[in-house]
1. Go through the range 42-81 and tell me which strands (runs of 3 or more DSSP E), entirely inside it, have 1 or more residues that are at positive phi.
2. I'm trying to understand the selection: among the residues of the range 41-58, which are open to solvent by 70 Å² or more (accessible area, probe 1.4 Å) and either among the charged types (D, E, K, R) or in contact with a strand residue (DSSP E or B) (Cβ under 8 Å, 6 or more places away or on another chain) (or both)?
3. Out of the range 6-49, which residues are of a type in the set (Gly, Ala, Ser) and under 20 Å from ASP79 (Cβ atoms)?
4. For the range 20-35, which positions are open to solvent by less than 30 Å² (accessible area, probe 1.4 Å) and assigned to a loop (DSSP other than H, G, I, E, B)?
5. Being part of a loop (DSSP other than H, G, I, E, B) and without any contact (Cβ under 8 Å) to a residue 60 or more places away in the chain is the filter here; which residues of the range 1-19 pass it?
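The values are calculated or read from the model by the stated rules, or taken from the named source; none is laboratory data. Here the structure is a predicted model, which is why all the values come from computation and not from measurement. Note that we place each Cβ from the backbone using ideal geometry, even for glycine, and neighbour counts take in every protein chain shown. Keep in mind that these areas ignore ligands, DNA and RNA; they rest on the heavy atoms of the full protein, side chains included. Shrake-Rupley method; radii C 1.70, N 1.55, O 1.52, S 1.80 Å.
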Amino acid sequence: MKKILLGPVKLVPTIPFPQVNQGAPIFAKKDGRLAGMLVQEDGRWILRIGGSFGAYGYYTSLRAVIETGEREGYEFFQDIE
């Protein structure tokens, strides 16, 4: 998996935000542990942390949901080539 960055690329491997595949799974980690994943429901984004539980959402843009997550201590990753 590669970490998704909204700002300048500093770590390797990373994905600049414009290259994020919105159709592929985006995973969230908190404190180094897998916490959930971002999902799109009815055109809005939410961080699902298990079952029907969401940590936060519903945002109209992927960027907004990632920005909120970073403020809450989450890191986001995607497994793409």
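1. 44-50, 53-59
2. ASP42, ARG44, ILE49, TYR58
3. Hits for the range 6-49 are GLY23, ALA24, ALA28, GLY32, ALA35, GLY36.
4. VAL20, ALA24
5. Within the range 1-19, GLY7, PRO8, VAL9, LYS10, LEU11, VAL12, PRO13 meet the criteria.
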